[in-house]
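The values are calculated or read from the model by the stated rules, or taken from the named source; none is laboratory data. Because the structure is a prediction, the values reported are computed rather than measured. Cβ placement follows ideal geometry from the backbone for every residue including glycine, while neighbour counts extend to all protein chains displayed.
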Amino acid sequence: MRPQFDYGDRVRVVRNVRNDGTYPGMATGDLLVRRGSVGFVRQIGTFLQDQIIYEVHFLDDERVVGCREEELIDAEQSWVPSRYESREYVTAALTLAHQGKVLVPAGGRGQILKVWRDEEKGVSYDVIFHDMTLRVPERGLNPLEEGVAK
């Protein structure tokens, strides 16, 4: 198991990092670092002997946060910002159909499973609607309204 990044490397976090209860002075679930933020690797360690954890200093946020390798990319690598993130709830902005068959009516609720960033095509998401997963472009989704049951 070799680390992808080294001490001093400039990295970008690709998803929001929230407090898992180990960050002092903040409640569990509070946002620590917003996706797209850039920081520098300060230390490298492991968790349960099978996960590489990087201690990253995010200068703009004045925070030092532990990040898993899959949460980071090289800061020089292209970055396409997204409106939503994995595990967020959304609604279909329009009727989603395949070969004339309606799969999800407009307003149907779903949950983001994965974010796909493509410089040319833009952002799309794997979204689970009930028991089916669909790849939906960002323009095809709306945020779930506040106060609506998930």
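If we scan the range 115-125, do we find a residue that is buried (at least 16 other Cβ atoms within 10 Å of the Cβ), at pLDDT 95 or above and farther than 25 Å from Asn19 by Cα?
no
For the range 30-46, enumerate the residues that are under 19 Å from Val115 (Cβ atoms) and among the hydrophobic types (A, V, I, L, M, F, W, C).
Leu31, Leu32, Val33, Val38
Which pairs do you get when a residue that is over 8 Å from Gly110 (Cβ atoms), found in the range 122-135, comes within reach of a residue that is among the small types (Gly, Ala, Ser), reach meaning Cβ atoms under 7 angstrom, with the pair 6+ apart or on two chains?
Val123/Ser82; Arg135/Ser124
Looking at (1) surrounded by 12 or more Cβ atoms within 10 Å (Cβ to Cβ); (2) of a type outside the set (Phe, Trp, Tyr); (3) assigned to a loop (DSSP other than H, G, I, E, B), find the lone condition where Leu134 falls short.
(3)
Kindly list, by first and then second residue, each pair from a residue in the range 15-30 that is assigned by TED's automatic domain parsing to the domain that holds Cys67 to a residue that is among the hydroxyl-bearing types (Ser, Thr, Tyr), limited to pairs with Cβ atoms under 7 Å and residues at least 6 apart or on different chains.
Once the first residue is assigned by TED's automatic domain parsing to the domain that holds Cys67 and sits in the range 15-30, its partners that are among the hydroxyl-bearing types (Ser, Thr, Tyr) give Arg15/Ser86; Asn19/Thr28; Asp20/Thr28; Gly21/Thr28.
Pairs under 7 Å by beta carbon, first residue closer than 15 Å to Tyr84 by Cα and free of Cβ contacts under 8 Å to residues at least 24 places away in the same chain in the range 106-121, partner of a type in the set (Ser, Thr, Tyr) and in a strand (DSSP E or B), six or more apart or different chains?
Pairs that qualify, where the first residue is closer than 15 Å to Tyr84 by Cα and free of Cβ contacts under 8 Å to residues at least 24 places away in the same chain and the partner is of a type in the set (Ser, Thr, Tyr) and in a strand (DSSP E or B), are Trp116/Ser124; Trp116/Tyr125.
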